[in-house]
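The values are calculated or read from the model by the stated rules, or taken from the named source; none is laboratory data. None of the values given here were measured: they were computed from a predicted structure. Positions of Cβ are backbone-derived with ideal geometry, glycine not excepted, and every protein chain shown enters the neighbour counts.
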Amino acid sequence: MRVFHLLLLIGIGFALTPFTVHWLGAEQYGLWALANAFIGYYSLLDLGLSGAVFTHMSHAIGARDYESGTDIYSTGLSIFSALGGVLVVITLCISAAVLLFHPSHGVTLALVVLIIGFQTSVSFPMRAPFGVLNAGSHFEVTTAVLISAAILRTIGTVLVLEAGKGVLGLAVVSLLSWIPGYIFVCFAVHWRYPFIRARALGKWHRDTAHKLFTFGAPVLVGQIADRIRLQTDTIVVSFFFGLSAVTHYNIATTLVLYFMDGITAIIGVLTPVLTMQMGARDEAGMRSSILTGTRLAICSGGFALFGLVVCGRAFIDRWMGHEYIDAYPILVILAVAMFLDLWQSTTVNALYATLNQKTYAKVNLSEAIANIALSLLLARRLGMIGIALGTLIPSVVVRGFVQPWIIERKIGIPARRYYAMSLRAGFNTLASLIIPIVITLRFLRPNYPSLFLTAGLSLCAFTFPIWYLEFGLYGSDRLRSKVSGFFTRVLRSSEGSSS
C-alpha cells in the first residue's frame with residue numbers, strides 16, 4: 001500500500017507540476033510554494049508529541065499494556081485538539097500581518113495562508129488516531145486515507161485551475177480533500193483497537209501527559225532542525241534570488257523529496273517494529289532489524305540516487321522544458337544528501353525507539369545550524385548551487401561519521417561492523433547497477449517513452465541481482481508458500497461450491 005501510494009504521488013506530481021506552473025505562471029506558483037513553506041512551520045507546534053504518542057503506543061502494544069494504550073490515545077487527542085485551537089489564532093494573526101507587510105500580493109497570499117492554515121489546524125487532532133494506527137503497523141489503513149486524499153486533491157486541482165480559480169482554488173481543494181479520510185480514520189482506531197473505550201476519550205491523564213511532553217521536547221528540537229535542513233532553502237532562495245528562482249529550485253527539491261518519501265515508504269514499516277521490540281525487551285531482534293533496515297535503505301536509496309543522477313537532466317528537459325535545466329546541478333547535490341539521510345534513517349528511528357531522542361536532537365540541531373550558515377555564506381558566491389552545497393556538506397560529516405559512532409555508544413552496534421555491513425551493501429548495489437547503466441546509455445532519450453522504458457528495464461535489471469547478492473533471495477520460499485497456499489484455498493473453495 002505504501003509503495004503504491006508512492007507511485008501514485010510520483011505520477012500525480014510529474015503530471016500536475018507542469019500543468020500547475022502553466023496555469024499559474026512562475027510567479028504565482030512561487031507564491032503558492034512560499035505560502036506552503038510558511039505553513040510548514042506550523043508542524044513545530046506539534047512539540048514532538050506525534051513521535052511521543054507513536055513511540056509510547058508502540059511500547060504499550062509490544063508489552064500488551066492496553067490500559068496505558070488507552071490513556072496515551074485519550075491524552076494525546078486532548079493535547080492535539082488544544083494545539084489545533086491555538087493554530088487557528090496564529091493563522092488569523094499571520095494573515096493580518098501579510099496584509100500589512102506584503103502589499104504586492106497581500107490579499108491573495110493572506111487568503112491562501114488563512115485556508116491552508118485552517119486545514120493544518122484541523123489536521124492537528126488527527127495526529128493522535130494516525131499515530132496510534134501506525135504504532136500498531138496498520139499502514140494499510142492510514143495509507144488508504146492518504147491515497148483517497150491524493151486522488152480527490154488531484155481531481156479538484158485540475159477542475160479549479162481550468163476554471164481559472166488560481167491559488168485560492170488550490171487552497172480550498174487541499175482543505176476539502178482530507179475531510180472524508182479524517183472521518184474514516186477516527187472510526188478505524190476503534191475497529192482496530194477495541195480496548196480503547198469511547199467513554200475514555202477526552203480524559204486528561206497527568207502522568208501520561210508528563211511522559212509525552214518529556215519525550216516530545218527533544219523531538220521538537222529535532223523537528224526544528226529537520227525544517228531548517230530540508231525546507232529553509234526555499235526561503236533563502238526567495239530572499240536572494242526572488243520568487244521565480246524558487247520555482248527553479250523547487251523542481252530539484254520536488255524530485256528529491258518524492259524519491260526520499262518513496263524509499264521511506266519501503267523501509268519505514270520497520271519503525272513500529274523497532275519500537276515494539278524495545279517494548280518487548282528484544283534487544284537482539286532490534287539490532288537485527290536495524291541492520292536489515294540499513295541494508296534496505298542503501299540498496300533502494302542507491303538505485304534512487306542512480307536514477308536521479310543519470311536520468312534527471314533528460315527528465316527535467318522533457319518534463320518542465322529546457323529553461324529549467326539549471327535545476328539539474330542542484331538535483332545532483334541534493335540527491336547525494338538524500339542518500340546519506342536515507343542511509344541513516346533506520347538508525348534515527350532506533351534512537352527514538354530506545355528513548356535516545358535527546359542525543360539525536362543535539363546532533364541534528366548542530367547539522368541544521370551548519371546548514372543554514374553555509375547556505376547563507378555560499379549563496380552570494382555560488383548562487384543556488386551554493387545553497388544546495390550548504391545542505392550537503394554538513395550531511396556528509398554528521399551522517400557519514402558522527403551518527404555511526406553514536407549508534408555504537410547508545411545501541412551497542414560496533415561502528416566497525418556497521419561500516420563493514422554498509423560498505424558490503426554499497427558494493428553489491430554498485431555491482432547490481434552495471435546492467436542498468438548499460439541500459440541507460442543505450443535507451444535514454446529526453447522523451448517519455450524512452451524515460452519510462454529505461455526506468456522500467458533498469459529497475460528489473462537491478463532488483464534481481466541485488467535481491468540475490470544482498471539478501472540471498474531471503475523470503476522467496478515464504479512468498480512462494482503463501483502464494484501456493486492461497487491458490488490451494490481457492491481450489492478447495494471451488495470444489496466445495498461445485499459439490
Would you call GLY136 within 16 Å of PHE54 (Cβ to Cβ) and either among the small types (Gly, Ala, Ser) or crowded, with 20+ Cβ neighbours inside 10 Å (or both)? yes
Only one of THR354, THR346 is surrounded by fewer than 22 Cβ atoms within 10 Å (Cβ to Cβ), touching a helix residue (DSSP H, G or I) at 6+ places or on another chain (Cβ under 7 Å), β-branched (Val, Ile, Thr) and outside the structural domain of ALA52 (by TED's automatic domain parsing); which? THR354
Output for region 278-330, where each listed residue is among the β-branched types (Val, Ile, Thr), in contact with a helix residue (DSSP H, G or I) (Cβ under 7 Å, 6 or more places away or on another chain) and within 23 Å of THR264 (Cα to Cα): ILE290, THR294, ILE298, VAL309, VAL310, ILE330
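Name the residue, out of ALA373, ALA415, ALA431, ALA420, that is free of Cβ contacts under 8 Å to residues at least 12 places away in the same chain, exposed (fewer than 15 other Cβ atoms within 10 Å of the Cβ) and small (Gly, Ala, Ser). Walk me through how you get there before you give the answer.
Values: ALA373 fails: free of Cβ contacts under 8 Å to residues at least 12 places away in the same chain; ALA415 fails: exposed (fewer than 15 other Cβ atoms within 10 Å of the Cβ); ALA431 fails: free of Cβ contacts under 8 Å to residues at least 12 places away in the same chain.
Only one candidate qualifies: ALA420.
Residue by residue, here is whether (1) in the same structural domain as ILE387 (by TED's automatic domain parsing); (2) more than 22 Å from the chain's Cα centre (by Cα); (3) surrounded by fewer than 17 Cβ atoms within 10 Å (Cβ to Cβ) holds:
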{"site": "ILE251", "(1), (2), (3)": "yes, no, no"}
{"site": "VAL256", "(1), (2), (3)": "yes, no, no"}
{"site": "PHE259", "(1), (2), (3)": "yes, no, no"}
{"site": "ALA265", "(1), (2), (3)": "yes, no, no"}
{"site": "MET276", "(1), (2), (3)": "yes, no, no"}
{"site": "ALA280", "(1), (2), (3)": "yes, yes, yes"}
{"site": "ARG287", "(1), (2), (3)": "yes, yes, no"}
With at pLDDT 85 or above and either touching a Ser or Thr at 6+ places or on another chain (Cβ under 6 Å) or part of a loop (DSSP other than H, G, I, E, B) (or both) as the only criterion, which of CYS299, CYS311 stands out? CYS299
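Filter the helices (runs of 4 or more DSSP H) completely within region 408-489 down to those with at least 2 residues that are at pLDDT below 85. First the steps, then the outcome.
Details: elements: 415-432, 434-443, 448-471.
Per the criteria, 448-471.
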So, of the residues in region 210-243 that are at pLDDT 80 or above and of a type in the set (A, V, I, L, M), which turns out to be surrounded by the fewest Cβ atoms within 10 Å (Cβ to Cβ)? VAL236
For region 255-262, check the following and say yes or no: at least one residue is among the hydroxyl-bearing types (Ser, Thr, Tyr) and closer than 26 Å to ARG2 by Cβ. yes
